[in-house]
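The values are calculated or read from the model by the stated rules, or taken from the named source; none is laboratory data. None of the values given here were measured: they were computed from a predicted structure. Don't worry about glycine lacking a Cβ; one is built from the backbone with ideal geometry, like all the others, and counts go over all protein chains shown.
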Amino acid sequence: MSNTVTRIRLAAVAAAAGVVVLAGCSSPAPSSDASAASCEPAKGKVTLQYWNTVPGMDKVVALWNKKNPDIQVQMKNISNDQYGTIGNALKAGKAPELAQVGYDELPFLRTQNAFVDASACSAATAAKSAFVPWTWSQASFGGTGVFAFPQDTGPMALYVRSDIFKKHGLDIPKTWDDYAADAQKLHKADPGLSITFFDPNNAEAFNGLLWQNSAQMYQYSGDKWHVSVASDQSKQVADYWQKLIDAKLVRTDLAHGSTQMYTAYQKDQIASYVGAAWGYSMFRDNLPDQAGKWSIVPMPTWGSNPASGDWGGSTVAFMKGNKHLYESVKFNSWLNTDPEALALENKLGGLYPAATAGSKLPALSQGVPYYNNEKIFDVFADSSKNIDTDFSWGPTQKTVNLSLQDAMAKATAGKGTLDDALSAAQATALKSMKDQAIPATAGK
Amino acid sequence: MTDIAPRATRVVESTGGRRRHRGGGPRARTIAAFLTPFFLPFVLFYLVPVGYALWQSFLVVRRTGGQYGTSYTTFGGFEQYTKVFQNDEFWSSIGRIGLFGVVQVPVMLFVALIMALLLDTPLLKVKSFFRITAFMPYAVPGVIAAIMWSYLYSPQISPLVDGLKGVGLHPDFLGPGAVLWSAANVSTWLWTGYNMLIMFSALQSIPQELYEAAKLDGASNWKIAWQIKVPIIAPSIILTTVFSIIGTLQLYAEPAVLRQISSNISSTYTPNMLAYAVASGNNYQQAAAISVVIAVITFVLSFGFMRLTSKKAGL
């Protein structure tokens, strides 16, 4: 027995040693990014792989497959660990032709050379005019390349429980100051009732709030990234929510989208929700009893000018190794601009289309029964117009978000402030870029 | 008394008697044929990933210029390891896990031992029923167990919290001071039955004559339990402790699930969670270095414990 063990140990040591030697020999071999891809149509039948996270997308793909026997699409749902799955596939050189990527993760994947430039296809460059400008700008990294087609956006708005507002004589808040005043009134009238909740584990939602206040977190100039996560605009937002948290006017014990969150809404403990367009189906599907009680109004603003933020939304990206660019562009265009596809995605997946024509879809210009037949998508269309188009994401956003969340959790636990969380995120942004050998510096 | 244990192991050894059959061509081939199903997956799924992780841990990312540039990896020596050792989050996760282990492991093994001893007494009827019930949690996957407990801990929906409120208690299972122990409770619930079964099996192999002799000498059930049974099954207790040390350092599922509902668990709460968070940020090389350091610490602690105890117990 012991002999075998020794032999295994020796083998392990030998293997390890070999590996180290190999590592020593590995020479830098940069692979060229976005090499001139060709856009030739394939001769025969083509099968594309498409990974996404949208509920009901299988039905949309089935519709395409029925109409296009020569370009078949195989779909895989990767909701479970979206970027882990994509990252591992990239590392293994087995990425699909198309994959869903959120706007905030586009630069992150770009630094991993994850995409192929589809601008060789004239249909791809021509698609630009079909999309809301800021979405196109983020998907093309502000350049002439076409790395992804925008799919949906998350223009933000305020969801209001009209019945609770009415009962307590609250006005619909126009500014964040109004909103804080409403929060105070509500808390005075009933300590068990909160205006909303602040989920410290949700950097995406917080980033949406920062975006609304024109917080320019990352800029690229002079061969460097300039990181200003903890800017004055960001701090204004952080201080505001910190005050609400300190005064216990907002709940901090609910994770977004959790059973606990829905239970709190179900029990009439929370009177509003600061959310994005895709949230409309969330309340409809999870709180059917509250039909008719909800209204959607513009997000409160910092000044008198309308301003909105974006929370979530994503693109369908052309992934590295794509050998059927022509067909991929064809499918991707249909998926994100065809009225029938967009209507189905809105109905099943709750997507708010990034295509400019999206807001004119019959399905999106009608009243929504759950929301008292209000034309809620008009609110989102307005919101969409008021989104700061200059906002850009950092190349290590995922790591920054995790750090922000950890520090926001400390703040809600009373060990620090949201201001500290911004500072922590700023430090992490710089450190993580250094780890990835991306030149970065603090400030503008 | 103390020389009983070695004798018991010697008995097991002498039944083997494989020595006589050593050597010989066809026999060696037969042995190889039987061993291949073990070694092939062992090499593929153990040695190769370990080697790959080691290799990755010595690499660093470099980049050609530009806004996004093109990245490539190159040999960086111990650069990743230096970063691990300088990472405060790594050390605080190790400290947290240490605290967890120092409390959870003894509690769990003590409960397991008591349960095994109770099962082994002639006083207890319907043994198989209790054995199965105690073992049942082990059949539940760790993630499912954590999800189940997270419902019980959650103040908004938990019948347990509601019930405790009914008797005037207001527990906060997910609070900053409590959440580590809430996670420990899930681990204990999951693994006590498993450890109990190992100890119980060891108890079952003790020859009955020993007890008869002890009884003739006038030993009470209590004395038999603590002075005969426990020393004899010491090797199993050590074994379960080593398993538990390894398990503690690998802790991931319970805190990761509880993190969904508690803001008091950070993304770097345990060393494994830190490694995962770093890997998900595309820093595979740093994650590999963290994993290697965790593995080395696990190795040192578990083998250290084994050496220490086996010397003391004279095994």
Checking A:Ser383 against (1) within 14 Å of chain B (Cβ to nearest Cβ); (2) among the hydroxyl-bearing types (Ser, Thr, Tyr); (3) assigned to a helix (DSSP H, G or I), the condition it does not meet = (1)
Of the numbered conditions (1) of a type in the set (Val, Ile, Thr); (2) within 29 Å of B:Arg63 (Cβ to Cβ); (3) surrounded by fewer than 20 Cβ atoms within 10 Å (Cβ to Cβ), A:Val101 fails exactly one; give the number of that condition.
-> (3)
Considering every residue within the range B:39-49, establish whether at least one is surrounded by 16 or more Cβ atoms within 10 Å (Cβ to Cβ) and either touching a residue at least 24 places away in the same chain (Cβ under 8 Å) or more than 9 Å from chain A (Cβ to nearest Cβ) (or both).
-> no
Matching residues in the range A:218-235 - criterion: being under 17 Å from A:Lys434 (Cα atoms) and away from chain B (no Cβ under 14 Å) = A:Ser228, A:Val229
Members of the range A:309-359 that are touching a residue at least 60 places away in the same chain (Cβ under 8 Å), small (Gly, Ala, Ser), surrounded by fewer than 24 Cβ atoms within 10 Å (Cβ to Cβ) and farther than 19 Å from A:Asp58 by Cα = A:Gly312, A:Gly321, A:Ala357
Here are some conditions: (1) more than 18 Å from the chain's Cα centre (by Cα); (2) surrounded by 14 or more Cβ atoms within 10 Å (Cβ to Cβ). B:Phe135 meets all but one. Which one does it not meet?
-> (1)
What tally of residues in the range A:413-432 results from selecting those that are facing chain B (nearest Cβ under 10 Å) and touching a Phe, Trp or Tyr at 6+ places or on another chain (Cβ under 7 Å)?
-> 0
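Of all residues in the range B:59-91, which are surrounded by fewer than 13 Cβ atoms within 10 Å (Cβ to Cβ), within 10 Å of another protein chain (Cβ to nearest Cβ) and more than 15 Å from B:Ala288 (Cβ to Cβ)? Outline the logic, then answer.
Start the filter on the range B:59-91 by keeping residues that are surrounded by fewer than 13 Cβ atoms within 10 Å (Cβ to Cβ), which leaves B:65-66, B:77-78, B:82, B:85-86, B:88.
Cutting the leftovers down to within 10 Å of another protein chain (Cβ to nearest Cβ) gives us B:65-66, B:77.
Of everything in the range B:59-91, those that are surrounded by fewer than 13 Cβ atoms within 10 Å (Cβ to Cβ), within 10 Å of another protein chain (Cβ to nearest Cβ) and more than 15 Å from B:Ala288 (Cβ to Cβ) turn out to be B:Gly65, B:Gly66.
Within the range A:165-180, take every residue that is part of a loop (DSSP other than H, G, I, E, B) and not basic (Lys, Arg) and give me the one that is nearest to A:Ser295 (Cα to Cα).
Checking each candidate, the answer is A:Ile172.
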Only one of B:Pro271, B:Pro235, B:Pro231 is in contact (Cβ under 8 Å) with a residue 40 or more places away in the chain, more than 14 Å from chain A (Cβ to nearest Cβ) and more than 30 Å from B:Arg131 (Cβ to Cβ); which?
-> B:Pro271
From (1) surrounded by fewer than 18 Cβ atoms within 10 Å (Cβ to Cβ); (2) over 20 Å from B:Leu109 (Cα atoms); (3) small (Gly, Ala, Ser), pick out the condition that doesn't hold for B:Ser205.
-> (2)
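From the set of residues in the range B:165-195 that are touching a residue at least 24 places away in the same chain (Cβ under 8 Å) and β-branched (Val, Ile, Thr), which is farthest from the other protein chains (Cβ to nearest Cβ)?
It comes out as B:Thr192.
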Only residues in the range A:206-233 that are free of Cβ contacts under 8 Å to residues at least 60 places away in the same chain count as the first member; pair them with residues that are buried (at least 21 other Cβ atoms within 10 Å of the Cβ) and assigned to a loop (DSSP other than H, G, I, E, B), Cβ under 6 angstrom, at least 6 apart or cross-chain, and list the lot.
-> A:Ser231/A:Ala215; A:Gln233/A:Asn213; A:Gln233/A:Ala215
Criterion (within 24 Å of the chain's Cα centre (by Cα), assigned to a loop (DSSP other than H, G, I, E, B), of a type in the set (Ser, Thr, Tyr) and modelled with pLDDT under 95) met by exactly one of B:Ser302, B:Ser263, B:Ser267, B:Ser236 | B:Ser267
B:Asp162 meets each of (1) touching a residue at least 12 places away in the same chain (Cβ under 8 Å); (2) more than 30 Å from B:Arg307 (Cα to Cα); (3) exposed (fewer than 13 other Cβ atoms within 10 Å of the Cβ) with one exception, condition (1)
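So which residues in the range A:351-367 are part of a helix (DSSP H, G or I) and either among the charged types (D, E, K, R) or under 19 Å from A:Asp285 (Cβ atoms) (or both)?
Matches in the range A:351-367: A:Lys360, A:Ala363, A:Leu364.
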Residue ID - nearest to A:Ala205 (Cα to Cα), chosen from residues in the range A:248-267 that are touching a residue at least 12 places away in the same chain (Cβ under 8 Å) and either more than 10 Å from every other protein chain (Cβ to nearest Cβ) or over 23 Å from the mean Cα position of the chain (by Cα) (or both) | A:His256
Examine the range A:149-164 for a residue that is farther than 23 Å from A:Met299 by Cα, of a type in the set (A, V, I, L, M, F, W, C) and either surrounded by 23 or more Cβ atoms within 10 Å (Cβ to Cβ) or in contact (Cβ under 8 Å) with a residue 24 or more places away in the chain (or both), and state whether such a residue exists.
-> yes
Residue count for the range A:84-127, restricted to those that are in contact with a Pro (Cβ under 8 Å, 6 or more places away or on another chain) and at the interface with chain B (Cβ under 10 Å from one of its Cβ atoms) | 4
Take the range B:199-221 and flag every residue that is over 13 Å from B:Asp120 (Cβ atoms) and either in a helix (DSSP H, G or I) or under 26 Å from the mean Cα position of the chain (by Cα) (or both).
-> B:Glu209, B:Glu212, B:Ala213, B:Ala214, B:Lys215, B:Leu216
